[in-house]
1. HN-Hα J couplings of region 180-192 from phi, Karplus 6.51/-1.76/1.60, θ = phi - 60°, integer Hz, Gly and Pro as x?
2. Would you mind checking Lys30/Lys189; Lys130/Lys195; Lys65/Lys189 for any pair whose Cα atoms are more than 23 angstrom apart?
3. Can you figure out the FRET efficiency of Ala87 with Arg18, using R₀ = 35 Å and their beta-carbon distance, to the nearest 0.05?
4. Once phi is turned into ³J(HN,Hα) by the Karplus curve 6.51 cos²θ - 1.76 cosθ + 1.60 with θ = phi - 60°, what whole-Hz value does each residue of region 129-146 show in order, with x for glycine and proline?
5. Go ahead and run the numbers for FRET between Cys180 and Thr143, Cβ-Cβ distance against an R0 of 22 Å, rounding to 0.05.
6. Can you give me the long-range amide H partners of Leu25? Hydrogens built in the peptide plane at 1.01 Å from N, cutoff under 5 Å, separation of 5 or more residues or another chain.
7. Return the long-range amide H neighbours of Ile102 (sequence gap of 5 or more, or a different chain), with a cut-off of under 5 Å between placed amide H atoms.
8. Starting from the amide H of Val141, placed 1.01 Å from N in the peptide plane, find each other amide H under 5 Å away whose residue is 5 or more places distant or on another chain.
Amino acid sequence: MRIEVDPSLLTRLTAEFRRRGIDLLLAETKEEAREAVLGLIPAGATVMAGSSLTLDAIGVTDRLKGGQYRYLRQDVRAIDDPEQRYAMRRQSLVADYFLGGINAIAATGEIVNVDSSGSRIAGYAYGGRKVIMVSGLNKVVPTLADALDRIRVVAAVQEARRVGRTPPCIDDGVCRNYECYPPQRQCGKILIIEKENVPGRITVVLVGESLGY
């Protein structure tokens, strides 16, 4: 679904990302976003991707499976032994390219993600040599406080439903942070990206559609 957005918001976000050392690419459609992402990855590169409905929706996941890249997520899933799989998952965090979605973007420039285990945000924070994150415009909110609220009452709730967890927020979307514990808790690790020190390391592809949650 296409989203109309105030051009001044995109101008502001572009400027905020630039001063924080983050590259921003704008795509009007899912198809444009897919080609933008793949255009950043050279053939033969090792690629890891976190679970992402957004990457699935724009068609990147299927293309990663096509054999042009060494797609480490497939390697991880092919391992039956739990200890070996865990070791391979840890190795995959330092892939040439680490891809995934975003749970919330503040118009003030912060990128916020929440994970249960932290394997995805570990790649975002430091592991991946290059990081490409894709987001629909539905993830953009006015402030960091709004972004933190969104990850708890929108993203985490819907992800909990998807994976079959039943945290206290599951029925009404109200976060009860201090009543929520493992194994049902979905909000395990939260990452706020304020800046990137390495020029060109992080690229955000922002799509003019509603994607993921």
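1. Ordered by residue, 3J(HN,Hα) equals 10, 9, x, x, 7, 4, 8, 7, x, 9, 10, 10, 10 Hz.
2. Lys30/Lys189; Lys65/Lys189
3. So, using R0 = 35 Å, E works out to roughly 0.40.
4. 5, 10, 10, 10, 10, 10, 9, x, 5, 5, 8, 7, 10, x, 9, 4, 4, 5
5. Calculated transfer efficiency: 0.40.
6. Under 5 Å from the amide H of Leu25 lie the amide H atoms of Val204, Val205, Leu206, each far enough along the sequence or on another chain.
7. Residues meeting the criterion, in which the H sits 1.01 Å from N, are Val134.
8. So Val141 has HN proximity to Ile105, Ala106, Ala107.
Here, each number is a calculation from the coordinates, and none is a lab measurement. Given the structure is predicted, the values throughout are model-derived calculations rather than measurements. Neighbour counts run over all protein chains shown; Cβ positions are idealised from the backbone, glycine included.
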